[in-house]
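The values are calculated or read from the model by the stated rules, or taken from the named source; none is laboratory data. Fair warning: this is a prediction, and the values are worked out from it, not measured in the lab. FYI the Cβ positions are ideal-geometry reconstructions off the backbone, even for glycines, and counts take in every protein chain you see. Surface areas here come from the heavy atoms of the whole protein model, side chains and all, with no ligands, DNA or RNA. Shrake-Rupley method; radii C 1.70, N 1.55, O 1.52, S 1.80 Å.
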Amino acid sequence: MSEMVFETIYKENFPFWEKLPDADREYICRNSHGVTYPKGKNIHDGSKCSGVILVRSGCLRLYMMSDEGKDITLYRLHKGDLCMLSASCVLNAITFEVFVDAEQDSQCCVISGPAFAAVSERNPDIRIFALETAVGRFSDVMWVMQQILFMSMDRRLAIFLSDESARTGSDTIALTHGQIARYMGSAREVVSRMLKYFVGEGIVSVSRGGVTILDKRRLRELIL
């Protein structure tokens, strides 16, 4: 991928881009590379500065993992989203391990962490953008924690199914019980029992293709 292509992509996605000196724009482009991550590929294991990742297509999943190997999804990134938590050398306040996997085949632009950090030191607009991006994502993380700590399982599952339906534009959520449990930070058995209850109430149907919402009104009632 040429520097001119990176220039076009960053101009469309970074609000600070036009404010940077020409030399800094060129430096970031020179220290960028395009990557296609296959589905299931681990991109960041929390132990190094993997760089700033801009998603061009596909989906990335950010999660934390316990010592026992249990993980909990923090949020997912789609086209146009930026991953800052993979660049601990840019945000020094990141002191916990975050893992990033490609949930789908994903095309990304990756900016070298040290290069991004060097340019941000000279340009306050980049530092502000990076912090605002990170803070916005921490709001997503806190929402996940709030659900796990304070919400009943039926409400959490209703919120998840409703959000997935809205995101994909389909009443069918093409995920297995195990995948749903992983995204929700729960156990597969718990999700399966709750889905069985939803099926009995006529709210959803379950098949090999995933979970299909049958009664959106009832689902909304569980959320409220």
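For the stretch 139-169, a residue qualifies if it is in a loop (DSSP other than H, G, I, E, B) and among the hydroxyl-bearing types (S, T, Y), and exactly one does: S152.
Residues in the stretch 53-84 that are within 12 Å of V98 (Cα to Cα), within 11 Å of the chain's Cα centre (by Cα) and of a type outside the set (A, V, I, L, M): R61, Y63, T73, Y75, C83. Flag not set for V35, criterion: in a strand (DSSP E or B), open to solvent by less than 10 Å² (accessible area, probe 1.4 Å) and closer than 29 Å to Q179 by Cβ.
Here is a check on your reading of the model: is T212 surrounded by 13 or more Cβ atoms within 10 Å (Cβ to Cβ) and either of a type in the set (D, E) or at pLDDT 95 or above (or both)? Answer is yes for this residue. Going through the stretch 1-32 one residue at a time, which ones are surrounded by fewer than 18 Cβ atoms within 10 Å (Cβ to Cβ), touching a residue at least 24 places away in the same chain (Cβ under 8 Å) and acidic (D, E)? Result: E3, single match.
Scanning the stretch 170-186 for residues that are polar (S, T, N, Q), within 11 Å of T73 (Cβ to Cβ) and either assigned to a helix (DSSP H, G or I) or touching a Ser or Thr at 6+ places or on another chain (Cβ under 9 Å) (or both) yields a single hit, Q179. Taking the numbered list (1) surrounded by 21 or more Cβ atoms within 10 Å (Cβ to Cβ); (2) assigned to a loop (DSSP other than H, G, I, E, B); (3) in contact with a Cys (Cβ under 7 Å, 6 or more places away or on another chain); (4) not hydroxyl-bearing (S, T, Y) in turn, C49 passes all entries but (1).
The listed residues are S170, S165, S139, and the only one of them that is open to solvent by 40 Å² or more (accessible area, probe 1.4 Å), closer than 30 Å to R218 by Cα and modelled with pLDDT of 90 or more turns out to be S170.
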